[in-house]
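Here's the structure, in C-alpha cells; my notes come after.
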Amino acid sequence: MKIYHQLSDFKKLNNAVVTIGTFDGIHYGHQKIIKRLCELAKSTGGESVILTFFPHPRMIIDPENQDLKLINTIKEKAEILANLGVDHLIITPFTRDFSNLDATDYIKNILIDTIGTKQLIVGYDHRFGKDRKGGMNELKGFSKMYGYQIEEIPEQDINDVAVSSTKIRKALLAGDVSLANEYLGYNFSINGPVIKGDKIGRTIGFPTANIFVEETYKLIPGDGIYAVTIQMDMAEDEKQKVEGKNPEPSTFNLQPSTFRGMAYIGQRPTINGMTRNIEVNIFDFSQEIYGQNIKMNFLKFLRHDVKFTGLIALTKQLRKDKKNTLIFFAAHPNLG
C-alpha cells in the first residue's frame, strides 16, 4: 500500500475507486465498506483509494474539547488498511481551511481533479464539506457531470450489531476489552517503546516493562489488570534462548515473537504513585528490552485497580492475577 501525507503528493489515477472517512478503529462496519472497495477495484481493473484525515476533524472543529481519544494511531490505522488490501491511503491534514471547503469544490477539486475518482463508495448518511452540508444528493447530482458512479452501503449492512467507534471507545474506557474486540474484529492494542521504571516490580517477583505511548491522542483502556499478548522483534538467537533452545549462529535477522503476560494500567495507589503507568509482566521472560518497541494486545479484563495495605498484600494479589491469567490462556490456547 502506498501512503501519501498530502493530497499534492498523490498522482491522479485513471480509474480510482474511492471511499472517504476517518475510520477510527476500522471496525466491522468500516471493514464492510473497505471489502466492497477492494472488490470493486479488482472487478473493474481500478485501484482502491482511501481518503482519510488527521488530526480527527473533531479535534480541529472543537479544539476546546480535549476529551476525544482515538482507537488507532495513524500508524496503526495504516497497518490495518494495508492488511485489508488497500492500494492507496491518502492522509489529508485536516485544517480550518479544509473544513470550510464547500461541497462543490470538495467534489471537483479533490475527488475528480486530484484523485481521478471513477467509482465512489460511501457509508450511509455520509456527510462532507463546510458545515457537513454535502451528502448523497450532492454526490449524485454531480455524478453525471464528472463521470463517476456512486454506491452507498446501506445502514443495515454496516450496522448489524449497532457497532460504532463511539461504542468501542466507551467499552475500552470501561475496561471491557472483550466487547471492544468483538466490535473491532481484532484485538485492541497499544504500541510503544519500553522505558525505565522504578524497578519495584522486580523486588516482589513481578518485573514489568513500562510502555511509553508517544501519541497523546491514543485511547488508553480503563485502569486495571488485563490478560495480554506481547509482540516484539528479536534476533533469532535471542528468540531461541527465550524458548529454551540452543541457538544457531546469529544471522542478525529480526524475527517476530509473541509472549503472554498480564498488563497493569493505573497510578499504582499502593505506593502512592502520582502518574498513570502502562506496565506489563511478561511471563517466562527475562531479557533486557529497554528502548525496544513492543505491541501489547488486550484480550481480557481481570480486575479493577485497588490500593492494598502494602507490598506484601499486593504481591499476594499479583500471584492470584497471574493464576487467573494462566487459566484464561489455558481456556483459549490459540490466543498468542
query: Of the residues that sit in region 80-94 and are surrounded by 14 or more Cβ atoms within 10 Å (Cβ to Cβ) and modelled with pLDDT under 95, which one is nearest to HIS5 (Cα to Cα)?
result: THR92
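Specify which of the listed residues (LYS170, LYS133) is of a type in the set (Lys, Arg) and in contact (Cβ under 8 Å) with a residue 24 or more places away in the chain.
LYS133
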The listed residue being closer than 21 Å to TYR183 by Cβ, open to solvent by 70 Å² or more (accessible area, probe 1.4 Å) and not hydrophobic (A, V, I, L, M, F, W, C), out of ASP24, ASP9, ASP67, ASP97: ASP67
Residue check, ILE121 surrounded by 15 or more Cβ atoms within 10 Å (Cβ to Cβ) and at pLDDT below 95: yes
message: What pairs come out if I take residues in region 275-299 that are farther than 21 Å from PRO333 by Cβ and pair them with residues that are hydroxyl-bearing (Ser, Thr, Tyr) and open to solvent by 50 Å² or more (accessible area, probe 1.4 Å) whose C-beta lies under 9 Å away, six or more apart or interchain?
response: ASN277/THR208; GLU279/THR208
message: Any residue in region 317-336 that is at pLDDT below 95 sitting within a Cβ distance under 9 Å of a residue that is in a helix (DSSP H, G or I) and open to solvent by less than 40 Å² (accessible area, probe 1.4 Å)? List the pairs, counting only those 6 or more apart or interchain.
response: LEU335/PHE328; LEU335/PHE329; GLY336/PHE329
- line: Filtering strands (runs of 3 or more DSSP E) wholly in region 1-63 for at least 1 residues that are within 21 Å of LEU184 (Cα to Cα) and among the β-branched types (Val, Ile, Thr) gives 16-20, 47-54
field: From the options ILE168, ILE107, ILE112, residue that is under 21 Å from ILE50 (Cβ atoms), under 25 Å from the mean Cα position of the chain (by Cα), of a type outside the set (Gly, Ala, Ser) and part of a helix (DSSP H, G or I)
entry: ILE168
- line: Within region 281-326, residues over 27 Å from the mean Cα position of the chain (by Cα) and hydrophobic (A, V, I, L, M, F, W, C) come out as VAL306, PHE308, LEU311, ILE312, ALA313, LEU314, LEU318
- prompt: Since GLY134 meets every condition but one in (1) within 16 Å of ASN14 (Cα to Cα); (2) touching a Phe, Trp or Tyr at 6+ places or on another chain (Cβ under 6 Å), which condition does it not meet?
  reply: (1)
message: I'm trying to understand the selection: among the residues of region 27-37, which are over 19 Å from the mean Cα position of the chain (by Cα) and open to solvent by 30 Å² or more (accessible area, probe 1.4 Å)?
response: ARG36
- prompt: Restricting region 62-79 to residues that are acidic (Asp, Glu) and more than 8 Å from the chain's Cα centre (by Cα), which is nearest to HIS5 (Cα to Cα)?
  reply: GLU79
- request: Only residues that are out of contact with any Pro (no Cβ under 7 Å at 6 or more places or on another chain), over 25 Å from ASN181 (Cα atoms) and open to solvent by 40 Å² or more (accessible area, probe 1.4 Å): list them for region 282-305, please.
  value: ASP284, SER286, GLN287, GLU288, TYR290
- prompt: Residue check, MET1 against (1) open to solvent by less than 40 Å² (accessible area, probe 1.4 Å); (2) in contact with a helix residue (DSSP H, G or I) (Cβ under 7 Å, 6 or more places away or on another chain); (3) of a type outside the set (Phe, Trp, Tyr), all met but one. Which one?
  reply: (1)
field: Count - residues of region 70-79 that are among the charged types (D, E, K, R) and surrounded by 20 or more Cβ atoms within 10 Å (Cβ to Cβ)
entry: 2
- request: Please determine, by comparing only the residues of region 126-173 that are of a type in the set (Val, Ile, Thr) and open to solvent by less than 50 Å² (accessible area, probe 1.4 Å), which one is modelled with the lowest pLDDT.
  value: ILE158
query: Would it be correct to say that THR270 is open to solvent by less than 60 Å² (accessible area, probe 1.4 Å) and either at pLDDT 95 or above or within 23 Å of ASN72 (Cβ to Cβ) (or both)?
result: no
- line: Log entry, pairs with first residue in region 205-227 being under 16 Å from ASP321 (Cβ atoms) and open to solvent by 30 Å² or more (accessible area, probe 1.4 Å), second being of a type in the set (Gly, Ala, Ser) and modelled with pLDDT under 95, beta carbons closer than 7 Å, six or more apart or on different chains, reads PRO207/GLY201; THR208/GLY197; THR208/GLY201
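The values are calculated or read from the model by the stated rules, or taken from the named source; none is laboratory data. This structure is a prediction, so every number in the text was calculated from the model and none was measured. Cβ atoms come from the backbone with ideal geometry, glycine included; neighbour counts cover every protein chain shown. Surface areas here come from the heavy atoms of the whole protein model, side chains and all, with no ligands, DNA or RNA. Shrake-Rupley method; radii C 1.70, N 1.55, O 1.52, S 1.80 Å.
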